[in-house]
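The values are calculated or read from the model by the stated rules, or taken from the named source; none is laboratory data. Since the structure is predicted, the reported quantities are computational estimates derived from the model, not experimental observations. Cβ atoms come from the backbone with ideal geometry, glycine included; neighbour counts cover every protein chain shown. The accessibility values were calculated without ligands, DNA or RNA, using every heavy atom of the protein model including side chains. Shrake-Rupley method; radii C 1.70, N 1.55, O 1.52, S 1.80 Å.
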Amino acid sequence: MTTQTTTTITLPAITIELQPGERYAGAALDDTGHVLHHTILLPQRPADRAPWQEQMDWAASVGGDLPSRQEQSLLFANCRSALPGAWCWSNETHAEDASYAWSCLFGYGDQSYARKSSAGGAVAVRRLIP
């Protein structure tokens, strides 16, 4: 018979103030299940589809960042109605080829990668570290 140990997760108390139009997406966790930060979807959207670096610059201009792949999954799970149905860039470069970056098709939640020179959509997030 295998003995199983109990895992205790303690979440620090945090108050999250959302600005008009912002949506709370959830907590990003590390590999051990500890909270890294809380992810907030910003309401702004870029005017057009654009290459990866332009969308990175746009996100910074509105006070945010492109979401990570993990954050894109949180956004799809918890903020789907506030997302464009098109594919949007993440902030993550592909590990095997730096000319590619990861993206998420928010209509279905699929993640893939494309050349950074391709014109893609974007959403911006901000992070609150507990």
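Determine, yes or no, whether Pro43 is assigned to a loop (DSSP other than H, G, I, E, B) and either β-branched (Val, Ile, Thr) or buried (at least 19 other Cβ atoms within 10 Å of the Cβ) (or both).
So Pro43 does not fit the description; no.
Quick check on segment 12-29: of everything there that is exposed (fewer than 10 other Cβ atoms within 10 Å of the Cβ) and free of Cβ contacts under 8 Å to residues at least 60 places away in the same chain, which residue is nearest to Leu83 (Cα to Cα)? Lay out the reasoning, then the answer.
Step one: of segment 12-29, the residues exposed (fewer than 10 other Cβ atoms within 10 Å of the Cβ) are 12-13, 15, 17, 20.
Then drop every residue that is not free of Cβ contacts under 8 Å to residues at least 60 places away in the same chain, which leaves 13, 15, 17, 20.
Details: Ala13: 28, Thr15: 24, Glu17: 20, Pro20: 16 Å.
That would be Pro20.
Scan segment 105-130 residue by residue and report those that are outside any loop (DSSP other than H, G, I, E, B) and closer than 26 Å to Ile16 by Cα.
Just the residues of segment 105-130 that are outside any loop (DSSP other than H, G, I, E, B), to begin with: 105, 110-115, 120-121, 125-128.
Correct list: Val125, Arg126, Arg127, Leu128.
So Asp65 passes all but one of these: (1) under 24 Å from Ser112 (Cα atoms); (2) of a type outside the set (Lys, Arg); (3) out of contact with any helix residue (DSSP H, G or I) (no Cβ under 6 Å at 6 or more places or on another chain); (4) open to solvent by less than 70 Å² (accessible area, probe 1.4 Å). Which condition number does it fail?
Evaluating Asp65 over (1) under 24 Å from Ser112 (Cα atoms); (2) of a type outside the set (Lys, Arg); (3) out of contact with any helix residue (DSSP H, G or I) (no Cβ under 6 Å at 6 or more places or on another chain); (4) open to solvent by less than 70 Å² (accessible area, probe 1.4 Å) leaves (3) as the failure.
Just to be sure, is Gly21 under 17 Å from the mean Cα position of the chain (by Cα), in a loop (DSSP other than H, G, I, E, B) and more than 11 Å from Ala122 (Cα to Cα)?
Values: under 17 Å from the mean Cα position of the chain (by Cα): yes; in a loop (DSSP other than H, G, I, E, B): yes; more than 11 Å from Ala122 (Cα to Cα): yes.
Spelling it out, Gly21 is indeed under 17 Å from the mean Cα position of the chain (by Cα), in a loop (DSSP other than H, G, I, E, B) and more than 11 Å from Ala122 (Cα to Cα).
For segment 68-86, which positions are of a type in the set (Gly, Ala, Ser), surrounded by 17 or more Cβ atoms within 10 Å (Cβ to Cβ) and not in a helix (DSSP H, G or I)?
The answer is Ser68, and nothing else.
Of the numbered conditions (1) part of a loop (DSSP other than H, G, I, E, B); (2) within 11 Å of the chain's Cα centre (by Cα); (3) not charged (D, E, K, R), Trp89 fails exactly one; give the number of that condition.
Every listed condition holds for Trp89 apart from (1).
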